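Okay, so here's the structure we're looking at.
The values are calculated or read from the model by the stated rules, or taken from the named source; none is laboratory data. Since the structure is predicted, the reported quantities are computational estimates derived from the model, not experimental observations. Neighbour counts run over all protein chains shown; Cβ positions are idealised from the backbone, glycine included. Surface accessibility is based on the protein's heavy atoms, side chains included, excluding ligands, DNA and RNA. Shrake-Rupley method; radii C 1.70, N 1.55, O 1.52, S 1.80 Å.
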Amino acid sequence: MENQNYISNHKKEEAYLRAQKKLKDIKGFYWHAFWYVAVNVFIIVMIASNSKGSIWNFGIFSTPFFWGIGLGFHALTVFGKNLFFSKSWEARKIKEYMDKDKKQ
């Protein structure tokens with residue numbers, strides 16, 4: 001019986017540590033996104049306010065563009081490749097279509 005409690009407590013602790021790591025990863029992504037917006041808004045505003053000519057060139061938007069690609073890969077590592085079309089989304093849609101089919 002004591003062995004069962006040890007295994008149960010060990011599994012709970014492992015689940016807690018996995019959840020804690022996931023939370024840390026999500027928090028890290030949100031900080032990354034915050035700094036992405038803050039820094040790039042600052043850069044664009046500074047360039048636009050000091051620019052004499054047109055600001056619509058790739059050089060101005062290259063930092064947000066390439067950093068945005070990195071932010072996108074960060075999102076994939078944190079949320080997984082099924083960011084938009086997760087298993088729960090699939091299950092909800094299947095249920096929705098089945099319910100709709102019953103009504104017809």
Considering only residues that are part of a loop (DSSP other than H, G, I, E, B) and open to solvent by less than 100 Å² (accessible area, probe 1.4 Å), which ones fall in segment 56-104? 57, 80, 82, 83, 86
Considering each residue of segment 44-55, count those that are open to solvent by 50 Å² or more (accessible area, probe 1.4 Å) and either closer than 13 Å to residue 68 by Cβ or of a type outside the set (Gly, Ala, Ser) (or both), and give that number. 5
Which numbered condition in (1) in contact with a Pro (Cβ under 6 Å, 6 or more places away or on another chain); (2) modelled with pLDDT under 90; (3) not basic (Lys, Arg) is the only one that residue 7 fails? (1)
